[in-house]
Amino acid sequence: MTDDRVDFASMLASRLCHDLLSPVGAFANGLELLADEKDPAMRERCFELLEQSARTSANKLKFFRLAFGSAGGFGELVPADEARSAIQGIIGDRAIELNWMIGTDPLPKPAVKIILNLSLLLVDALVRGGRLDIGCEKQGEGSIEIALHVEAERIFLDGDVERILAEGEGASPMTSRTAPAVLVQAVARQNGGTVMLARETPTSLLVGAVLRGR
């Protein structure tokens, strides 16, 4: 295995651990509080926090299983509702409106990986909320077009992430922050496709990919 592949796997693992650290840590803290707390009202509050932390952890694990892993159990196609549910899970209670414009037909795994990793990057960019539109269509000869569009008062997309999506994997250093963008480019390349990004206005951003039929 080449050093680049080892580094890539390490960066994805770092990103996963970073995102899981907060809810898992909150769960552990809640258990400690519950062990010492005697007041019934406070114990009920602890249970609520434990339930929220467990739900958040489960949602993130479900998301990363599809976004980073092999998504075992689904074969070559993933139900569209599974992808939508995973994205809703990482949005959680943030002020982000998800506009899902994909039908009920199952999606190829490469398309799902691109949709989920782009969603992860764009949800992170909507720190003050906004709208996320997601579309995916099959074209002639088995090609697939993917488009994600965000609108918000401010879009805080990391500069290195933006350069990798717009220019390719080598445009910026690979870190745990940029690893999902590198994965998007890698999956697109493996499937004979391309990735594109366009800032339409300061409050609007479009990113997508085209995967070629085999």
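The values are calculated or read from the model by the stated rules, or taken from the named source; none is laboratory data. Keep in mind it's a predicted model, so treat the numbers as computed, not measured. All Cβ positions, glycine included, derive from the backbone under ideal geometry; neighbour counts span all protein chains shown. Surface accessibility is based on the protein's heavy atoms, side chains included, excluding ligands, DNA and RNA. Shrake-Rupley method; radii C 1.70, N 1.55, O 1.52, S 1.80 Å.
What is the distance in Å between the Cα centres of region 168-214 and region 62-130?
Cα centres, region 168-214 to region 62-130: 15 Å.
Would you mind classifying the chain by shape? Square roots of the alpha carbon gyration tensor eigenvalues, ordered a ≥ b ≥ c; an a/c under 1.5 is rounded, otherwise it is prolate if a/b is larger than b/c and oblate if not.
prolate
Structure shown: which of Lys60/Lys113; Lys113/Lys138; Lys38/Lys60 lie over 25 Å apart, alpha-carbon to alpha-carbon?
Lys38/Lys60
Would you tell me the accessible area of Phe47, worked out with a 1.4 angstrom probe on the heavy atoms of the protein chains, in Å² to the nearest 10?
Surface accessible to solvent at Phe47 totals approximately 110 Å².
Would you mind putting 179-185, 38-44 in packing order, based on average other-beta-carbon counts within 10 Å, highest first?
Top of the packing list down: 179-185, 38-44.
In Å², and per residue, what accessible area does region 136-214 have when probed at 1.4 Å with the other protein chains present?
50
Looking at region 148-196, which trypsin sites (Lys or Arg not before Pro) are DSSP coil and have at most 14 other C-beta atoms within 10 Å of their C-beta?
When the trypsin sites (Lys or Arg not before Pro) of region 148-196 are filtered for loop state and at most 14 Cβ neighbours within 10 Å, Arg154 remain.
Kindly report the accessible area of region 10-61 per residue (heavy atoms of protein chains, probe 1.4 Å, no ligands, DNA or RNA), in Å².
Computed with neighbouring chains in place, this is 67 Å² per residue.
Give me the distance in nm between label points sitting 7 Å out from Cα along the Cα-to-Cβ direction at Asp133 and Asp39, one decimal.
Once both label points are built, they end up 4.9 nm from each other.
When a/c is below 1.5 the answer is rounded, else prolate if a/b is larger than b/c, else oblate, so apply that to region 128-192 with a ≥ b ≥ c taken from the square roots of the Cα gyration tensor eigenvalues.
oblate
Specify the residue with the greatest mean-square fluctuation among Met101, Met196, Met11, computed from a Gaussian network of the chain linking alpha-carbon atoms under 10 Å apart.
Met101
How large is the helix-only mean residue ellipticity at 222 nm for the chain, computed as the sum of -39500 (n - 2.57) over DSSP H runs with n ≥ 4, divided by its residue count, in deg cm²/dmol to the nearest 500?
About -18000 deg cm²/dmol.
For the ranges 165-175, 57-67, what's the packing order if you count other beta-carbon atoms within 10 Å of each residue, average per peptide, and put the highest first?
Descending packing order for the listed peptides: 57-67, 165-175.
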